[in-house]
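In what follows, a structure is listed as structure tokens, so that the remarks can point back to it.
The values are calculated or read from the model by the stated rules, or taken from the named source; none is laboratory data. Not measured: the values here are computed from a predicted model. Note: ideal-geometry Cβ built from the backbone for every residue, glycine included; neighbour counts use all protein chains shown. What goes into the accessible areas is simple: the full protein's heavy atoms, side chains included, and nothing from ligands, DNA or RNA. Shrake-Rupley method; radii C 1.70, N 1.55, O 1.52, S 1.80 Å.
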Amino acid sequence: MRQICVVGVGYVGLITAAGFADLGNRVIALDISEKKIEGLKKGDMPIYEPGLEELVERNVKSGRLTFTTSYTEGLKGTEYVFIAVGTPSGVDGEADLQYVEAAARSVAENMSDELVIINKSTVPVGTGDWVAGIVKRHQKAAIPFSVVSCPEFLREGSAIFDFQNPHRTVLGSLDREAADKVAQLHLPLRAPIVITDLRTAEMIKYASNAFLATKISFINEIANICEALGADVTEVATGMGYDERIGHHFLSAGLGYGGSCFPKDVLALAHMAEEKGKHPQLLHAVMDINADRRPMAVERVKEMLGGDVKGKTIGMLGLAFKPNTDDMRDAPSIDIAKALIAAGAHVRGYDPVSMGVAAPLMPDVKMYDDPYSMAEGCDALMINTEWNEFKQLNRRQLQESMNQPVIFDGRNIYDPAEMKDLNFIYRGLGRGYNGAHTAEA
Ligand code: UGA
């Protein structure tokens, strides 16, 4: 049985730890937060992720997964240590590496055996070399070690599925033997393994996220053009996606990307490029298009309510940045609520799982326990997150309780024709044919 230590029990760390334990390894998950570790020992998850609680519970019961705050305990008998700590954005958009630095230092100070240090956190290109330098400087004795970059590609909301069914594993190291050892750990996942150098592996992560963000901004730009020309972006995306070179994924127009990854990673990549004198024009366009989506949504609602939202009651269906998560980091709903409140609206909110996290971030938004009571007396509803339960709402019931049947659908979950039949005043995004287009000679 291989022994692994995972440093950091945030999103990536906890899923990596539980995932590798489930593959039959002995895993010690380490975090400096006593509170998180104490909670985990009692079975309290620090994050919401479908299936995580069961996965952790199963592996704790089997004895393969344990938790600690002690590096000495975590590293004793360990061959592999994953660093999976946070890398938030610094003031200029550069990644803040203080947690990676602290983790590397503590690993160096407490290692007693030969170690492969694997970096999972998204870090600027060149960080692997920097980590190797930190470890060398802080070691108490010259114990051999290697650094391998193994970027994560998990999506929140489906992270466990993604861990168990990766499209690929990327490993970067200057030490081929160490990379091969880490490859062995990933073999049961049966995905292609790309072995390259450290910097290239680090770049693969940024380039992948930047490309996906580009697809989203691209389709949002197409949505704007569709509105002007009377086409339907959802059908345009379907029609485009059958071309295998394009694919169907990440072509949903909406309120733009949020969360803890794309905004931070596109910004960090642009920052790295600029530091080296490059002009990442495309990345700036991607960020600009994305930043426009939120004020645009607010303008739409204003237009739908006759140009002014002052004194109007607006209900937000969905607060999290995407479905199946309670993550509110850079969620469009935060900026949208702020702007509506600044314009004089009364804003209400409902989300199936994120309300506890959302409430302190939007203290002026009144939270409701269910969508129907929230809709009562509303002048408009906005769909901010495409939770499945919103697709199944009884719209007649909503309509009967609202002041006026206005719905702005920021995620295009409803069919405009059906909404018209139900007598809603309805607008999605990029669905220009829906009334805007009239047959012209
Ligand atoms: C993203 C990547 O998809 C993962 O591969 C990566 O590992 C992760 O970042 C990371 O770097 O840690 P995540 O942020 O969890 O994962 O969420 P996504 O499902 O990728 O969605 C990101 C944002 O794009 C969401 O705000 C979502 O609403 C938006 N989006 C996504 C669209 O607006 N349209 C789409 O078609 C797809």
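A compact table of results
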| item | result |
| --- | --- |
| Residue satisfying all of: in the range 211-225; of a type in the set (A, V, I, L, M, F, W, C), in contact with a Phe, Trp or Tyr (Cβ under 8 Å, 6 or more places away or on another chain) and open to solvent by 10 Å² or more (accessible area, probe 1.4 Å); farthest from L171 (Cα to Cα) among these | I216 |
| Residues of the range 299-334 that turn out to be of a type in the set (A, V, I, L, M, F, W, C), surrounded by fewer than 23 Cβ atoms within 10 Å (Cβ to Cβ), in a helix (DSSP H, G or I) and touching a residue at least 40 places away in the same chain (Cβ under 8 Å), as a count | 1 |
| The range 140-172: number of residues that are more than 16 Å from A84 (Cβ to Cβ) and not in a strand (DSSP E or B) | 12 |
| Answer residue from the range 113-143, given it is basic (K, R) and over 22 Å from R176 (Cβ atoms) and is nearest to the ligand (Cβ to nearest atom) among those | R137 |
| Residue match in the range 335-344 (condition: within 15 Å of the ligand (Cβ to nearest atom), surrounded by fewer than 22 Cβ atoms within 10 Å (Cβ to Cβ) and modelled with pLDDT of 95 or more) | yes |
| Subset of the range 391-432 (residues that are open to solvent by 30 Å² or more (accessible area, probe 1.4 Å), assigned to a loop (DSSP other than H, G, I, E, B) and more than 21 Å from N220 (Cα to Cα)) | Q392, N394, N403, Q404, P405, N423 |
| Residue tally, condition away from the ligand (no atom under 15 Å from the Cβ) and surrounded by fewer than 17 Cβ atoms within 10 Å (Cβ to Cβ), over the range 151-174 | 1 |
| Test: residue in the range 369-384 that is buried (at least 16 other Cβ atoms within 10 Å of the Cβ), within 13 Å of the ligand (Cβ to nearest atom) and not in a loop (DSSP other than H, G, I, E, B) | yes |
| Counted residues, the range 104-133 - those being under 26 Å from A270 (Cβ atoms), open to solvent by less than 10 Å² (accessible area, probe 1.4 Å) and assigned to a helix (DSSP H, G or I) | 4 |
| The range 256-283, residues that are within 7 Å of the ligand (Cβ to nearest atom) and part of a loop (DSSP other than H, G, I, E, B) | G256, Y257, G258, G259, S260, C261 |
| From I15, I28, I32, residue being more than 30 Å from D180 (Cβ to Cβ) and either in the same structural domain as Q164 (by TED's automatic domain parsing) or open to solvent by 10 Å² or more (accessible area, probe 1.4 Å) (or both) | I32 |
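Results for (1) more than 16 Å from the ligand (Cβ to nearest atom); (2) assigned to a helix (DSSP H, G or I); (3) touching a strand residue (DSSP E or B) at 6+ places or on another chain (Cβ under 6 Å); (4) not basic (K, R), shown as yes or no for each residue.
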site	(1), (2), (3), (4)
P188	yes, yes, no, yes
I195	yes, no, yes, yes
S208	no, yes, no, yes
F211	no, yes, no, yes
T214	no, yes, no, yes
I225	yes, yes, no, yes
E235	no, yes, no, yes
